[in-house]
Amino acid sequence: HQASFTPQQLVLVQQADLVIWLGADAEPYLVPYLAHRKRPALALLQQPGVTPLRETGGQAADLDPHLWLNPEFLVSLLPNLVRAGTRLGLPQAALAKQASVVQQRFANMVTVARQQLQPVARVPWLSYHNPWHYLQVLLGLAPALTVEQQLGVETGSRHFLQLASAMSREKVRCGLLEPEARKAVMEKLCQGPTCHLLALDPL
């Protein structure tokens, strides 16, 4: 959320054969560093079939930047990755074969995940600031109950009580604990044995 680069990392960005990034709308801080590159860069937001989600916050709908959590979006990069690798002198046939394997692997993962989650697909779940929206939509899951609507803006007591009531009413069984989450708050809302808290890093 707050990216900063060392001088050595900036050199890597400048000199890399290929840079893959989310795109200007999702990572505006990278724009000035990529503007002076003479080598190619691939922006995920510019790939066909990539439709970003937007989260309503205050007066505006902000782009949800967690695009990599939809494997179908990553698959959209594969044809351009094959072309970029070929231009760099890598064997096209081997790259195309590997891309096909990756595409099938992602498809299988999504199919299995949907099947496994189907029995609880309509049950809401708890997340601290919910970076999982792309995955939720892809897998057909009910929306998450969210502690913080905006990361860094603390939850008031009224919202906390509403959350606790909703969790009891909806029989929420699972909470996802992101690295930025306040664990004590999550543990108060998601208590065993009926609710299980799982630490997950969206990266």
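For segment 1-55, carbon and sulfur atoms together expose 55% of the accessible surface, with a 1.4 angstrom probe and every protein chain in place. Its Cα centre serving as origin, the chain has a Cβ charge dipole (Lys and Arg +1, Asp and Glu -1) of approximately 500 debye.
Charge tally for R39 (other residues, Cβ to Cβ under 11 Å; Lys, Arg +1; Asp, Glu -1): +2. Converting phi to 3J(HN,Hα) with the Karplus coefficients 6.51, -1.76 and 1.60 and the offset θ = phi - 60°, segment 78-95 yields 4, x, 5, 5, 4, 5, 5, x, 5, 5, 7, x, 7, x, 4, 4, 5, 5 Hz in sequence order, with x at every glycine or proline. Could you estimate the translational diffusion coefficient of the chain from the Stokes-Einstein equation, with Rh from the Kirkwood formula over C-alpha pairs, at 10 °C and 1.306 mPa s, in whole µm²/s? D, rounded to a whole number, is 82 µm²/s. Indicate the gyration tensor shape class of segment 85-192 (rounded, prolate or oblate), computed on the Cα atoms with a ≥ b ≥ c the square roots of the eigenvalues: a/c under 1.5 is rounded; otherwise a/b larger than b/c is prolate and the rest oblate. Prolate shape, in that a/c is at least 1.5 and a/b is the bigger ratio. Of the GluC sites (Glu not before Pro) found in segment 68-154, those in coil by DSSP whose Cβ has at most 15 other Cβ atoms within 10 Å are E154. One chain, two ends: V11 and H159. Fully extended at 0.36 nm per residue, the span grows by 48.7 nm beyond their Cα-Cα distance.
Each of H36, H159 has its accessible area taken with a 1.4 Å probe; listed largest first, they run H36, H159. Summarising the amide proton neighbourhood of L197: residues at separation of 5 or more, or on other chains, whose placed amide H is nearer than 5 Å comprise G175.
Accessible area per residue for segment 56-121 is 65 Å², calculated with a 1.4 Å probe on protein heavy atoms, without ligands, DNA or RNA. With K and R counted +1 and D and E -1, the other residues having a Cβ less than 12 Å from that of C195 yield a net charge of +1. Note: segment 1-92, Cα convex hull, 117 Å³ per residue. Extending 7 Å from Cα along the Cβ direction at L200 and again at A35 yields two label points whose distance is 3.8 nm. Rolled with a 1.4 Å probe across the full set of protein chains, the surface gives T86 an accessible area near 50 Å².
The values are calculated or read from the model by the stated rules, or taken from the named source; none is laboratory data. Note that the coordinates shown come from a computational prediction; the quantities given were computed from them, not determined experimentally. Note that each Cβ is placed from the backbone with ideal geometry, even for glycine, and that neighbours are counted across all protein chains shown. Just the protein is used for accessible areas: all its heavy atoms, side chains included, with ligands, DNA and RNA removed. Shrake-Rupley method; radii C 1.70, N 1.55, O 1.52, S 1.80 Å.
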